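S.K.: Please find one structure pasted underneath; my questions will follow.
The values are calculated or read from the model by the stated rules, or taken from the named source; none is laboratory data. The shown structure was predicted, so the numbers you read here are calculated from the model rather than taken from an experiment. Glycine also receives a Cβ, built like all others from the backbone with ideal geometry; neighbour counts cover every protein chain displayed. To get the accessible areas, we keep the full protein, side chains included, count just its heavy atoms, and leave off ligands, DNA and RNA. Shrake-Rupley method; radii C 1.70, N 1.55, O 1.52, S 1.80 Å.
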Amino acid sequence: MAESRRRVWVSQPLFDDIIGRLGEYFDVRGAAEVQAYTAAQIAAHLRGSDGAVVTLNERIGAAEIADAPRLKAIANVGVGYNNLDIPALDAAGIVATNTPDVLTETTADFGFALLMATARRITEAERWLRDGQWRQWSFSSMLGVDLHGSTLGILGMGRIGQGIARRAAGFGMRVLYHNRHRVDAAIERECHAGYVDFDTLLASSDHLVLVLPYSPAVHHLIDAAALAKMKPTATLVNIARGGLIDEPALAQALSRGHLAAAGLDVYEGEPDVRPELLALRNVVLTPHIASASLDTRRGMVSLAVDNLIAALGEGPDAGRPATPINPGVLAIAGGDRKTTAIKR
Ligand code: GLV
C-alpha cells in the first residue's frame, strides 16, 4: 500500500498561491479563517503534523509539542521568534526557521514613518481636523519636534536598526546607537552611527527607536528609571516587541510631560492595548504592521514555505532551510528525532 503523504499545518490564512506550493509535497491542513488558538488547540493541530507554518500569534512551547511525535519543523512567519520556545524545540529535535532579511527595508521604512508621525503629531492632527476643530486654530496649534538636525538614538543595531540609521542620514540627523555588541567599524561608517552606552543613549536622544529582539533578559528595559533619564522633549518609538517597555510607566511619563510623545506598533498584551495608552493624545498607536507591505508579507510567507519544504527534506534545498533559528537540529524527513539531532 502506498505510504500516505506527510501532513503540515498552516495556522492562519496566508497567501493561497504561495501556501499552495506545500501541496506538491504534503497534505496541507490550513485554517480557513483567522483564528486565536488556545494552547490545547495548537497541541491538537500539531499532534498529527510533520511540520507547521505559524505566525507570531501562535505560542509554541513544551506543552504544545508534548504530544506531537511526528513534528520535525516549524516555520515561523516573522523575524522575531519569542513566540517559540527554542530550548523546548531543540530538546525535541524540531528545527525552527524565521524570515529575516526579506522584511528589513519595509520595517525600516515603517519605523521611520512612525517616528515622523510621532514627532510631527500626524494622527493627532488628523483626529483634530476630523473632529471639526480646525476653526480653533492658532499659530501654536499642533507644534511638533523636528527630525532634521536632531539626535536619533537606535537601541538594537541589527539589520533593521542599520536600515533606520541609513534613512536618518538623509534627514540630516545625528545617529547614536547602543547594541549588545558594538557593530563593525565599516557598518558604523556606512550608517554614520556612533556607539554609546545605554544611559548615554537615553540621555542624548531627541528620538529613540527600539529595534532590539525581545528576550526575558530585556523585559521592561524601558522602565520608569530609564524613562526618567530621557529628555522631556524626546519621543520614543517601539517597532520591536511590547515587552521591552513598562507600559504603565510609559503612560505615566507621557501624561505627566516627562516625555513628549511615543509611537507604538507593538504591545505587551497585543492585540489588547492598555486603556491608559488609548486615552492619551500624544501616542501614535498602530496594530503591529511594520512589515505589512504586500510584497514583503508575500516574501515572508514564501521564505517560510521554502524553509518548511527544505527542513522536511524536500525540494531543491532539502535538509538546508535558508534561515534556521536552531541550525543544530536538522529534522530529516522520516528520520528518528533522537538520531537526527545534531549538537550545535
Ligand atoms: C514582526 O514583528 C516580526 O518579528 O516579523
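S.K.: Which of the helices (runs of 4 or more DSSP H) contained wholly in the range 47-153 include at least 2 residues that are out of contact with any helix residue (DSSP H, G or I) (no Cβ under 6 Å at 6 or more places or on another chain), over 23 Å from Y25 (Cα atoms) and modelled with pLDDT of 95 or more? Even if it seems obvious, please write down each step before you answer.
M.R.: On the way: elements: 62-65, 86-92, 104-119, 122-130.
Filter on the range 47-153 gives 86-92, 104-119, 122-130.
S.K.: Residues A217, A203, A226: which one is buried (at least 17 other Cβ atoms within 10 Å of the Cβ) and assigned to a helix (DSSP H, G or I)? Spell out the reasoning first.
M.R.: Working: A217 fails: buried (at least 17 other Cβ atoms within 10 Å of the Cβ); A203 fails: buried (at least 17 other Cβ atoms within 10 Å of the Cβ).
Going through A217, A203, A226 in turn, just one is buried (at least 17 other Cβ atoms within 10 Å of the Cβ) and assigned to a helix (DSSP H, G or I): A226.
S.K.: Now, a different point. Considering the range 8-30 alone, what residues qualify as being assigned to a loop (DSSP other than H, G, I, E, B) and either hydroxyl-bearing (S, T, Y) or open to solvent by less than 20 Å² (accessible area, probe 1.4 Å) (or both)? Steps first, answer last, please.
M.R.: Within the range 8-30, the first condition is being assigned to a loop (DSSP other than H, G, I, E, B), and the residues that meet it are 11-15, 25-26.
Across the range 8-30, the qualifying residues are S11, Q12, Y25, F26.
S.K.: Moving to a separate point now. What pairs come up if the first residue lies in the range 99-118 and is closer than 17 Å to L236 by Cβ, the second is of a type in the set (S, T, N, Q) and open to solvent by 10 Å² or more (accessible area, probe 1.4 Å), and their beta carbons are under 6 Å apart, counting only those six or more places apart or on different chains?
M.R.: What qualifies is A117/T123.
S.K.: I would also like to ask the following. Quick check on P287: is it open to solvent by 60 Å² or more (accessible area, probe 1.4 Å), at pLDDT 95 or above and under 17 Å from N238 (Cα atoms)? Talk me through it step by step, then tell me what you get.
M.R.: Details: open to solvent by 60 Å² or more (accessible area, probe 1.4 Å): yes; at pLDDT 95 or above: yes; under 17 Å from N238 (Cα atoms): yes.
So P287 passes the test.
Matching residues to (1) at pLDDT 95 or above; (2) not β-branched (V, I, T):
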{"position": "D246", "(1), (2)": "yes, yes"}
{"position": "D272", "(1), (2)": "yes, yes"}
{"position": "S293", "(1), (2)": "yes, yes"}
{"position": "V329", "(1), (2)": "no, no"}
{"position": "G335", "(1), (2)": "no, yes"}
{"position": "K338", "(1), (2)": "no, yes"}
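S.K.: So which of D272, D223 is more than 16 Å from the ligand (Cβ to nearest atom) and within 21 Å of L56 (Cα to Cα)? Talk me through it step by step, then tell me what you get.
M.R.: Working: D223 fails: within 21 Å of L56 (Cα to Cα).
One residue alone meets the criteria, D272.
S.K.: Moving on to the next point. Just one of the numbered conditions (1) basic (K, R); (2) out of contact with any strand residue (DSSP E or B) (no Cβ under 9 Å at 6 or more places or on another chain); (3) surrounded by 11 or more Cβ atoms within 10 Å (Cβ to Cβ) is not true of R135; which one?
M.R.: (3)
S.K.: Let me ask you something else. When you scan the range 38-56, do you find a residue that is touching a Phe, Trp or Tyr at 6+ places or on another chain (Cβ under 7 Å) and within 16 Å of the ligand (Cβ to nearest atom), even just one?
M.R.: Within the range 38-56 (the criterion being touching a Phe, Trp or Tyr at 6+ places or on another chain (Cβ under 7 Å) and within 16 Å of the ligand (Cβ to nearest atom)), the answer is no, since none of the residues qualifies.
S.K.: Is there a residue being free of Cβ contacts under 8 Å to residues at least 24 places away in the same chain and closer than 30 Å to A125 by Cα anywhere in the range 144-163?
M.R.: Going through the range 144-163, the residues free of Cβ contacts under 8 Å to residues at least 24 places away in the same chain turn out to be none.
There is no residue in the range 144-163 that is free of Cβ contacts under 8 Å to residues at least 24 places away in the same chain and closer than 30 Å to A125 by Cα.
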